[in-house]
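The values are calculated or read from the model by the stated rules, or taken from the named source; none is laboratory data. This one's a predicted model, so the numbers in the text were calculated from it and none came from an experiment. Using ideal geometry, Cβ is built from the backbone for each residue, glycine included, and neighbour counts are taken over all protein chains shown. Side chains are part of the model used for accessible areas, which takes the heavy atoms of the whole protein and leaves out ligands, DNA and RNA. Shrake-Rupley method; radii C 1.70, N 1.55, O 1.52, S 1.80 Å.
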Amino acid sequence: MRRTRSTLVPLAAATMLALAACGSTNDDAAGDGGSSDQSIDHPIVTTYDGGLLVLDGETLEVAEDIELDGFNRINPAGTNDHVMVSTSEGFQVLDATAGELTDIVFEADTPGHVVRHADLAVLFADGTGEITTFDPHDLDSGEKPETETHQTPEAHHGVAIQLENGDMLSTLGDSETRVGARVVDADGNEIARAENCPGVHGEATARGEVVVIGCEDGVLAYADGEFTKIDSPTEYGRIGNQAGSEESSVVLGDYKQDPDAELERPTQVSLIDTETNELRLVDLPASYTFRSLARGPEGEALVLGTDGKIHVIDPESGEIVRAIDVIDEEWTEPLDWQQPRPAIFVREGTAYVSDPAAQQIHAVDLESGEITATADLEVAPNELSGVLHAH
């Protein structure tokens, strides 16, 4: 068991520098690696090389340290208690509130994207193209929920989302190329198809259940039974990671323009307006990574920059309205995508930000801009997630 302490920063009317420098140390914050006797308050989860840490969402005290070999990925399951962990076996359920990795596994060859929408969780297996859907609230029983499965024409690194009317949107491609997306109804009948989205990757849903998926030359937007292609303003303009909000018709996306770069470190993000089908670019004072995009409770577009700040963008005007200092030092994205880099996870009015170099996680009140808690860890946090809502 790794001993871990949590530093609590009191709320006060002070500068961010002063907030980051003050606080009291709690040396009894570490869990013992066993089962929790008490539930963990709206937990946050982070991966590290060799396991998972489950933290209290208010204090950031480490409640459990769970050993788990391999490169593990995490996503909210769609409940107030559970997180999906992508392992070598498939999608395994973490009861984060109890601090326990359960025996419930949705077997999958190369588990990929997890999407939550319309009270369903949708799992995509890249190795087979199989799509698994279930009601995540059925996890509350402690048993494996009943599932439905769907199949894409060919296996690929893809994503799927089931809409409120039962239609299923999924990407199209194979192991070599990805070309677009299609939609089938509840009976499996194809009702829409688009193959003009090279390199399709990622998805987000905007207000009004408009689904946006990224392409190497723009995005595809799906609504009312039809796909609409929204082109990038440059010849090559790859959007592969998006963040949507039910509070906004605008989807936040990344934006890369160099198809030959070993690793492009972009300094622009994209805003896709699903009402006007327009795409605009916003210049940032720093670069960012695929774990840098999030949305605030009012639909604000949030970008965690390599300058250590959360840049708050008005999605309607495209204006950067605030910059919140979080990480003390500037950082650089590593070449290997599996290596740790800062990440942001937002739940309600709090942004959680990891700093692998300093082995810290911060909780930031988005309204005040104050850091409300900081955890000092003995491992470098990698992926960052949590349950969807505070209890």
Hull-based mean projected area of the range 94-238, where the convex hull spans the alpha carbons, in square nanometres: 9.5 nm²
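Can you pull the Kirkwood radius for the range 75-156, inverse mean 1/r over Cα pairs, to one decimal in Å? Please list the in-between numbers first.
On the way: mean 1/r = 0.0796 Å⁻¹.
Kirkwood radius, the range 75-156: 12.6 Å.
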Potential extension, PHE290-ASP336 segment - 0.36 nm per residue separation minus Cα distance: 15.3 nm
Largest to smallest principal axis extent of the C-alpha atoms in the range 175-315, angstrom: 49, 37, 24
Equivalent ellipsoid, the range 177-260 (semi-axes from 5 times Cα gyration tensor eigenvalues, Å): 21, 16, 9
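If I take R0 = 30 Å and measure r between the Cβ atoms of LEU263 and THR128 in this structure, what FRET efficiency does the formula 1/(1 + (r/R0)^6) give, to the nearest 0.05?
That gives a FRET efficiency of 0.55.
Report, to the nearest whole %, how much of the accessible area of the chain belongs to carbon and sulfur atoms, 1.4 Å probe, protein only. Please list the in-between numbers first.
Details: 6630 of 16610 Å².
Answer for the chain is 40 percent, counting heavy atoms of protein chains only.
Rounded to two decimals, what is Rg over Rh for the range 29-126 when you use alpha-carbon atoms and the Kirkwood radius? Walk me through the numbers before you get to the answer.
Values: Rg = 13.0 Å, Rh = 13.5 Å.
A ratio of 0.96.
Which whole-number value in Å² is the accessible area per residue of the chain, probe 1.4 Å? Kindly include the intermediate steps, with their values, before the conclusion.
Working: 16610 Å² over 391 residues.
Accessible surface, normalised per residue, equals 42 Å².
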Accessible-area value, ARG207, 1.4 Å probe, nucleic acids and ligands omitted, Å²: 100 Å²
Chymotrypsin sites (Phe, Trp or Tyr not before Pro), loop per DSSP, at most 15 other Cβ atoms within 10 Å - longest free stretch of the chain: 72-235
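If you place +1 on the Cβ of every Lys and Arg, -1 on the Cβ of every Asp and Glu, and leave all else neutral, what size is the dipole of the chain about its Cα centre, to the nearest 20 Debye? Provide the component values of the computation, followed by the final result.
Values: 21 positive and 77 negative charges, 152 e Å.
It comes to approximately 720 debye.
Report the far tail of the P(r) of the range 260-359, meaning the percent of Cα-Cα pairs longer than 24 Å.
When all Cα pairs of the range 260-359 are counted, 22 percent exceed 24 Å.
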Cα coordinate range in the chain, projected on the principal axes (Å, largest first): 58, 47, 36
For the range 235-281, Kirkwood radius (reciprocal of mean inverse C-alpha pair distance, Å): 11.4 Å
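Considering the convex hull of the alpha carbon atoms of the range 98-140, report its projected area averaged over all viewing directions, in nm², one decimal. Present the calculation step by step, with values, prior to reporting the outcome.
On the way: hull surface 13.9 nm².
Across all orientations, the range 98-140 yields a mean hull projection of 3.5 nm².
Kirkwood hydrodynamic radius, computed over distinct alpha-carbon pairs, for the range 312-391: how many Å, to one decimal? Write down the numbers at each step before the final one.
Numbers: mean 1/r = 0.0721 Å⁻¹.
Evaluated over the range 312-391, this radius sits at 13.9 Å.
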Spin-label pair ASP140/SER88, simplified geometry with 7 Å Cα→Cβ offset, distance in nm: 3.6 nm
Extended-chain gain in nm, criterion 0.36 nm per residue less alpha-carbon gap, ALA186 and LEU68: 38.7 nm
